[in-house]
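The values are calculated or read from the model by the stated rules, or taken from the named source; none is laboratory data. Model, not experiment: these values are computed from the prediction. Here the Cβ positions follow ideal geometry from the backbone for every residue, glycine too, while neighbour counts run over all protein chains shown. Accessible surface is based on the protein model in full, side chains and every heavy atom, while ligands, DNA and RNA are left aside. Shrake-Rupley method; radii C 1.70, N 1.55, O 1.52, S 1.80 Å.
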Amino acid sequence: MSAPTPQQGRLAHAPVVLRGGRWWLDGGAGPIPASDPAFTAALDGFALSMAAADRAVANLHIRQDERPSVDPGGMR
């Protein structure tokens, strides 16, 4: 089983973008490839954590939408 990989695109609220499996620092003068293995590994981990958090929030919304709007028993 292979390790999960982050999805392509911009990392939320950060000036970095994952394109073609490579991280790029997105500055005003144009993109610069990120080449430090420790830094890119940290970006991978952060991107995977953000994706997991997004999935968890989406699951909470789904579960919340599945609850009955009226509690027939009165109090919980």
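Taking the range 1-28 as the range and being more than 16 Å from the chain's Cα centre (by Cα) and modelled with pLDDT under 90 as the test, the residues that pass are MET1, SER2, GLY27, GLY28.
Inside the range 1-48, residues that are in contact with a helix residue (DSSP H, G or I) (Cβ under 7 Å, 6 or more places away or on another chain) and open to solvent by 90 Å² or more (accessible area, probe 1.4 Å) make up a count of 2.
Figure legend. Inter-residue proximity from the range 6-26: first residues without any contact (Cβ under 8 Å) to a residue 40 or more places away in the chain and under 15 Å from ALA41 (Cβ atoms), second residues surrounded by fewer than 16 Cβ atoms within 10 Å (Cβ to Cβ) and among the basic types (Lys, Arg), beta-carbon distance below 6 Å, spacing 6+ or different chains. No pairs are indicated. Looking across the range 49-63 at every residue that is open to solvent by 90 Å² or more (accessible area, probe 1.4 Å) and within 16 Å of THR5 (Cβ to Cβ), the one that is nearest to the chain's Cα centre (by Cα) is identified as ASP54. The residue that is nearest to ARG55 (Cα to Cα), among those in the range 1-44 that are in contact with a Lys or Arg (Cβ under 8 Å, 6 or more places away or on another chain) and assigned to a loop (DSSP other than H, G, I, E, B), is GLN8. Taken over the range 21-47, the criterion of being under 11 Å from LEU11 (Cα atoms) and of a type outside the set (A, V, I, L, M) is satisfied by TRP23, TRP24, ASP26, ASP44, PHE46.
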